Every structure is written in structure tokens, then in C-alpha cells.
Amino acid sequence: MKKKTVISVVVSILVIIAVAIGLKSFHYAMEDEYHLILRFGKIDRVIEEPGLYFINPFFDSVTILPNEVMLYDIPESDVITSDKKTMIVDEFVLWEITDAMKFAQTLNYSISNAEYRIDTMVYNATKNVISSTSQEDVISGRDGRLAQSIMDAVGTNAEQYGMHIISIQTKRLDLPDDNKEAVYERMISERQTIAAEYEAQGEAKAQLIINDTDKSVSITLSNAEAEAAGIIADGEAQYMQILAEAYNTEEKQDFYAFIRALDAAKASMSGKNNTLILDEDSPLARIFMGY
């Protein structure tokens, strides 16, 4: 009995050991994970796809790294602009691991080491960009141009660590409280000066346009008046020519004188109780007297 009992215990222990070894031989990788298989402390392979895989439990171990977009909130810092003004910058970075093996080899599998590298790269890029930009341009660049300039300055530096920086966003870009109001007042004054210059330029251009228009109208009127005077002169000349042609013989002249005499008589006889006195040599007297 004792021998069978010992055998049963041994078998049970062996079964438990086999099950434990079997359980340790299989691992499941999630979709948002990198599984690095280490053999004797060195990376043997990297599991990037989700699913079940087998390892040798006696020689292999597994280290897991995130395979997803991560956010790192960079502590705010002071930077100096090109015109020697202090700005406060508070940023965050979206990043991911793109080469798990390189990441592990260069950063010792550590997310904290990666964030330290990101902090250094982004801060240096931010400092270099802002130090070559005036305070006014830094403030006006908060619409995204500044963030893009910082991204361009970082470039591909993160790739040497098996990382990729997706985006750098500025949460806060502000002035120190002790000089914020003075800077804003100066910027308002400068904008008002620029606006006044634009307004003066606009008024000067408007006056030039008005002057040119007045000159054009004056020239047009002068030409029209000269043309009208010429037309009137031509009309009077034609009128005189017609008159001259109408009375160019003695008979026509006598007839014209007779008509004028009748018109004069008619005018003098208007009204009541009028008396017409004629010279006996006048054309009307001859008609009335019958000679």
C-alpha cells in the first residue's frame, strides 16, 4: 500500500508539473501589445500580431510593450523668444512604438526612458523654434503654425529609438503674469498704428481716384463744350449762307423788305383806335395807293 501511495503522489506531482510547464509554454498576445521573446536574456523574436503562441519555458521569458498610441504630458517650461521675452509653454505629445526590438535595445524596455527622450527632443525643438521667433509671431502662431514648426524641428529623431511622434500639441502658450498686460497693450498699440497707416494709405488712394475722376470729367465737359460751340458756329454759318442765298437778287431783297414792312404794320396796328402813317414812297403806300 505504501508503495502504491508513493507512486500516486509522484504521478500527481509530475502531472501538476507538466500542467504548469504546459501553461507556461503558451502565451496570448493582445491586439494592443508587443510580446518580446527573450532567450537567455537576449531578444529572440517579437510577436506583433494578436494570437496564441508557444515558448520554451526553460529558456524563454516574455516582456510586454504597448502597441498603441500613447500620450505624454510634458511639464511646462520657460523659453526665450528672439527679442529676449520669456514665454511659458505647456505641451503634450502623442507617440507610439514602431520598432519594439530597437525600442527595447536603446531604451531598456522602459516607457519612462522613452518619455525622458521625448521630453528632451520636444523641449529642445520648442526652444530652438521660439528662440528664432519674435514674441509677437509666437503669439500669433498659436493657430497651429508653431506646433508644425516644432514638429518639423523634431523631425525623425525619435526613429533611432524605435518610436514615432505623431503629434505635438500646445496646451498653453502664455506670457508670465508680471508682464502679460504690458505686452498686450503694446501689441494693441502696434495694431492700431498699422490700422492708421492702412487707413491713411486708403484715403490717399481715394483722393487720387477722385482727382483723376474730376480731371476726366473736366476734360470731357471741356471737349463737349468745344464741340457744341463748333456745332453752333457751323449752324450759324449755314444759317447766314441760307439767308445770303435767299436774298442774293434785287427782287428777293425787295420782297423781303415788303414782308418786313407788313410785319411792322401788323405789329403797329394791334389794339384799338390806331392810326398808321406811311411815307408815300414806302412799299405799303404804293400798294394802298395803287401805284
Of all the residues that make up segment 149-169, how many are surrounded by 14 or more Cβ atoms within 10 Å (Cβ to Cβ), of a type outside the set (A, V, I, L, M) and part of a helix (DSSP H, G or I)? 3
Over segment 105-136, the set of residues farther than 19 Å from ILE37 by Cβ, open to solvent by 60 Å² or more (accessible area, probe 1.4 Å) and not in a helix (DSSP H, G or I) is SER132
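Conditions (1) at pLDDT 90 or above; (2) of a type outside the set (A, V, I, L, M); (3) open to solvent by less than 40 Å² (accessible area, probe 1.4 Å), marked per residue:
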| position | (1), (2), (3) |
| --- | --- |
| VAL62 | no, no, no |
| ASN67 | yes, yes, no |
| MET70 | yes, no, yes |
| ILE74 | yes, no, yes |
| LYS84 | no, yes, no |
| VAL89 | no, no, yes |
| GLU96 | yes, yes, no |
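Residues checked against (1) within 21 Å of PRO75 (Cβ to Cβ); (2) among the hydrophobic types (A, V, I, L, M, F, W, C); (3) at pLDDT 85 or above:
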{"residue": "ILE111", "(1), (2), (3)": "yes, yes, yes"}
{"residue": "LYS127", "(1), (2), (3)": "yes, no, yes"}
{"residue": "SER132", "(1), (2), (3)": "no, no, yes"}
{"residue": "GLY155", "(1), (2), (3)": "no, no, yes"}
{"residue": "MET163", "(1), (2), (3)": "yes, yes, yes"}
Determine whether segment 113-128 contains at least one residue that is under 24 Å from the mean Cα position of the chain (by Cα) and not charged (D, E, K, R). yes
Looking only at segment 41-55, how many residues end up being closer than 13 Å to TYR28 by Cα and of a type in the set (Gly, Ala, Ser)? 1
Is there any pair linking a residue in segment 92-121 that is over 16 Å from GLU68 (Cα atoms) to one that is part of a loop (DSSP other than H, G, I, E, B), with Cβ under 6 Å and at least six apart or on different chains, and which? LYS102/GLY162; ASP119/ILE74
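The values are calculated or read from the model by the stated rules, or taken from the named source; none is laboratory data. What you see is a predicted model; the values in this text were computed from it and never measured. Neighbour counts run over all protein chains shown; Cβ positions are idealised from the backbone, glycine included. Side chains are part of the model used for accessible areas, which takes the heavy atoms of the whole protein and leaves out ligands, DNA and RNA. Shrake-Rupley method; radii C 1.70, N 1.55, O 1.52, S 1.80 Å.
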